[in-house]
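Engineer: Quick one: the structure is below, and I'll ask about it shortly.
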Amino acid sequence: MRNVVMAVLAVLVLAGVMLGLARWLTPPPPQDTAQSDTVSIGGPFELVDQNGQEVTDEKFRGRLMLVYFGYTFCPDVCPLGLTTIAEAIDQLPAEDRDQVVPLFITVDPERDTVAVMKEYVGAFSDRLVGLTGSPAQVDAVVRAYRVYARKGDPGTDGAYLMDHSTFTYLMDRDGRYLAHFGHSATPEEMAKRLETAIAAG
Ligand code: NI
């Protein structure tokens, strides 16, 4: 009887070891699709800044990019988003501020000319880079960042609103996606995340 018990115990122990070994050898499951989608946000772009200079994303390599999409005729959403970004950068230690470049990319190139962009971004921060371009150039960057933007029906005066997503994207020094902030993010939250990214080098 004792031999039978010992044999059963031996089999159980062996089975346990095999199971442990099998788990150890099994590769981890692939990342879920949501995470894969997130990683592919962003990419190269060619646009025109508020001084009329053609710029590409390459210009900002080596610095973190805070990217916000909107339009200058936006009644309140964009002004709040851009104010949050400007305040977040102001909250960084002075020596860190140059490591972040805030970009405001218009989704309304029809009205947001270089001159309009220059006057607009200057009202928020000297650091803010306003980017516009041809409809095709803007369309390309909007798609790369998976931004939602749709022109509303014009009123009797021809004026229209744009319905658009309001995320702020944080891209690393190589232009790759790091994080995004929703419209309700505070300057404090944004500054904290920026400091983490700056410290990461
Ligand atoms: Ni807006």
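Each reported figure results from applying straightforward, stated rules to the coordinates on display, with no laboratory input. Bear in mind the structure is a predicted one, so any value in this text is a computation, not a measurement. Every residue, glycine as well, gets a Cβ built from its backbone with ideal geometry; the counts of neighbours run over all protein chains shown.
Engineer: Between beta-carbons, use under 15 Å as the cut-off and find the net charge around T72, counting Lys and Arg +1, Asp and Glu -1.
Structural biologist: -3
Engineer: Would you kindly state how much longer the chain becomes between D76 and T186 on full extension, computed as 0.36 nm times their sequence separation minus their alpha carbon distance, in nm to one decimal?
Structural biologist: 38.0 nm
Engineer: What lysines does K151 reach when the alpha-carbon gap must be under 26 Å and sequence neighbours fewer than 8 apart in one chain are set aside?
Structural biologist: The reachable lysines, counting only those whose Cα sits under 26 Å from K151, are K118.
Engineer: Among residues other than P187 whose Cβ falls under 10 Å from its Cβ, what is the net charge (Lys/Arg +1, Asp/Glu -1)?
Structural biologist: -3
Engineer: I need the shape label for the range 34-142. Rule: rounded when a/c is under 1.5, else prolate if a/b > b/c, else oblate, with a, b, c from the alpha carbon gyration tensor.
Structural biologist: Cα axes put the range 34-142 in the rounded bin.
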